[in-house]
1. What does the convex hull of the Cα atoms of segment 8-57 come to per residue, in Å³, rounded to a whole number?
2. Mind checking the per residue accessible area of segment 32-132 for me, 1.4 Å probe, whole number of Å²?
3. In the neighborhood of His20, defined by Cβ-to-Cβ distances under 12 Å, what is the net charge if each Lys or Arg adds +1 and each Asp or Glu adds -1?
4. Working with all protein chains in place, sort Leu52, Leu92 by solvent-accessible area computed with a 1.4 Å probe, largest first.
5. Which residues in segment 24-52 place their backbone N less than 18 Å from a point set 7 Å from the Cα of Ile90 along the Cα-to-Cβ direction?
6. Modelled label-to-label distance, Asn83 and His20, 7 Å Cα→beta-carbon offset: nm?
7. Keeping all protein chains in place and using 1.4 angstrom, which order do Asp81, Asp108 fall into by accessible surface area, from largest down?
8. If ligands, DNA and RNA are left out, what is the accessible area of Thr38 with a 1.4 Å probe, given in Å² to the nearest 10?
Amino acid sequence: NGSPANCPWWVGEAVGSGGHMFYTYSNGTAVDYQARWTPGSRITTTNTYEVLAWVPGSYATSGAVRYTIYYNGGNRTVIVDQNYVSNRWISLGAYVFSPGTGYVQVVDAAYLSDYTDPTSNMIGVDAIKFIRRTNNQ
């Protein structure tokens, strides 16, 4: 959220889905910066939507990126190993959203207890899709 001047530690690169993505270095357990996607006008009725994240192939080396999905009635955090999964869409699960509500957030804290130096890893953020599911899917 905001302009690069408001978030100087998110660096833009001309790669990724649509030819643009951002990255920052992991800050261990501390949260200093976040990236947030809102579905906006794409959600027109209360329904179940599958949330997909594009994991870029560059500038995404952290093994513990936390995607938190805020949906009707709650939130869920999905940990993604960006170093292992790259250049593809991954599902973060299916959730109920209503018009004007919900979002997906990634923070710069990416820590697992077996990392010796969690701050040397990059967290890449790119695109999020909200795909409406019908009763048959």
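The values are calculated or read from the model by the stated rules, or taken from the named source; none is laboratory data. Predicted model only: the values in this text are computed from it and were never measured. Cβ placement follows ideal geometry from the backbone for every residue including glycine, while neighbour counts extend to all protein chains displayed. All accessible areas refer to the heavy atoms of the entire protein, side chains included, with ligands and DNA or RNA removed. Shrake-Rupley method; radii C 1.70, N 1.55, O 1.52, S 1.80 Å.
1. On the way: hull volume 6.8 nm³, N = 50.
Output value, Cα hull per residue: 136 Å³.
2. On the way: 4740 Å² over 101 residues.
Each residue of segment 32-132 exposes 47 Å² on average to a 1.4 Å probe.
3. Its environment carries a net charge of -2.
4. On the way: Leu52 25, Leu92 5 Å².
So, going from the largest accessible area down, we get Leu52, Leu92.
5. Taking a point 7 Å out along Cα→Cβ of Ile90, the residues of segment 24-52 whose backbone N falls under 18 Å are 24-28, 35-37, 50-52.
6. Result for the modelled spin labels: 3.0 nm.
7. Working: Asp81 65, Asp108 5 Å².
Descending accessible area places them as Asp81, Asp108.
8. 80 Å²
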